[in-house]
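Trainee: Have a look at this one.
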Amino acid sequence: MRELVFDCPEQLAEPLSDALLEAGVLSVSVEDADFGTEAERPLFGEPGLEPETQAWSRNRVVALLPDGEDPAQLLAVACAACGIDELPVWQLRDVPDADWVRLTQSQFEPIEVDARIWIVPTWHEVPDRPGTISIRLDPGLAFGTGSHPTTHLCLAWLAANLQAGRSVLDYGCGSGILAIAARKLGAGETVGIDIDPQAVQSAQANAQANEVEVLTGLPDVRQGWRADVVVANILSNPLKVLAPMLCDRVLPGGDLILSGVLERQADEVAQAYAPWIAMKVWRALDGWVCLHGQRPA
């Protein structure tokens, strides 16, 4: 296979990428053309927010070509669709043959969250570790696979504090990893809620694959239901907005665990919950924190 490679300015990177896909290329990636030089600059926004621009000042566009396609013709069609009269200078480079599935899988090993929890891709054997639980979950899922520090923090809290039989509400469940972990750690009734229907489906499928029972649904599922433990791994802004509702979903004497919060955001998130539950930092990891509080009995 071959790749078409060319550089373009910031304002053309996204429209040209879309136009190339429309023209028939197999995939498109955009890289910083100044990567590794003094001109390199980061491209990111606040965690969870979109950056203001979707490209760098100078961009390298890499398009994977179908066999037999004329790269010049594909690029000409894309440029015409974008109103570009002159084609950029381009080059071709060969892509070596490889077993891409096997190569990708080899990059992902089981993740040890703490002494009790492992996250294991489906192509690996479950580690033979007495006293541990393993969650079958593949990397690359859109809704979270446990590699992020905020997920590690929530899992660590559950492993250290969850008592058998207690009910759990995972709000913003994504892949369902926290709800699945809770059930494997001995939780009683467990509910996973998300605003994204695809996340709800993903969480249900993952629960079934892990042979645990989790009720998943959109926010209208089990309205008014309260749990002994409520965990929400989202982001600071939605957590602040959801404060009254999340506090109300915790049973008297129950626990509330929040993550998706940067260390510098901990105080403002805690203040949003102060009228109902006093929240304090339970643990920090790589600049993120897990907040914990107990609803008065």
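The values are calculated or read from the model by the stated rules, or taken from the named source; none is laboratory data. Because the structure is a prediction, the values reported are computed rather than measured. Note: ideal-geometry Cβ built from the backbone for every residue, glycine included; neighbour counts use all protein chains shown.
Trainee: Take Arg283 and decide whether it is of a type in the set (Lys, Arg) and assigned to a strand (DSSP E or B).
Mentor: Details: of a type in the set (Lys, Arg): yes; assigned to a strand (DSSP E or B): yes.
Taking the combined requirement at face value, the residue satisfies it.
Trainee: Touching a residue at least 40 places away in the same chain (Cβ under 8 Å) and in the same structural domain as Asn161 (by TED's automatic domain parsing): which single residue out of Asp267, Asp196 fits that description?
Mentor: Within the list Asp267, Asp196, the selection yields Asp196.
Trainee: Go through region 184-206 and count every residue that is buried (at least 23 other Cβ atoms within 10 Å of the Cβ), modelled with pLDDT of 95 or more and within 20 Å of Thr132 (Cβ to Cβ).
Mentor: Qualifying residue count for the region: 2.
Trainee: To continue, here is another question. Look at Asn210 and say whether it is over 26 Å from Gly253 (Cβ atoms) and in contact with a Ser or Thr (Cβ under 6 Å, 6 or more places away or on another chain).
Mentor: Numbers: over 26 Å from Gly253 (Cβ atoms): yes; in contact with a Ser or Thr (Cβ under 6 Å, 6 or more places away or on another chain): no.
Criteria not met by Asn210.
Trainee: Would region 270-279 turn up any residue that is exposed (fewer than 15 other Cβ atoms within 10 Å of the Cβ) and at pLDDT below 95?
Mentor: no
Trainee: How many residues does region 101-153 contain that are under 14 Å from the mean Cα position of the chain (by Cα) and modelled with pLDDT of 75 or more?
Mentor: Within region 101-153, the first condition is being under 14 Å from the mean Cα position of the chain (by Cα), and the residues that meet it are 137-152.
When the remaining residues are screened for being modelled with pLDDT of 75 or more, the result is 137, 148-152.
Matching residues across region 101-153 total 6.
Trainee: Oh, and also: Counting only residues that are closer than 10 Å to Leu153 by Cβ and of a type in the set (D, E, K, R), how many does region 255-292 have?
Mentor: 2
Trainee: Now a separate question. Out of Ser167, Ser175, Ser236, which single residue is out of contact with any helix residue (DSSP H, G or I) (no Cβ under 7 Å at 6 or more places or on another chain) and surrounded by 17 or more Cβ atoms within 10 Å (Cβ to Cβ)? Show your work before the answer.
Mentor: Numbers: Ser175 fails: out of contact with any helix residue (DSSP H, G or I) (no Cβ under 7 Å at 6 or more places or on another chain); Ser236 fails: out of contact with any helix residue (DSSP H, G or I) (no Cβ under 7 Å at 6 or more places or on another chain).
Going through Ser167, Ser175, Ser236 in turn, the sole match is Ser167.
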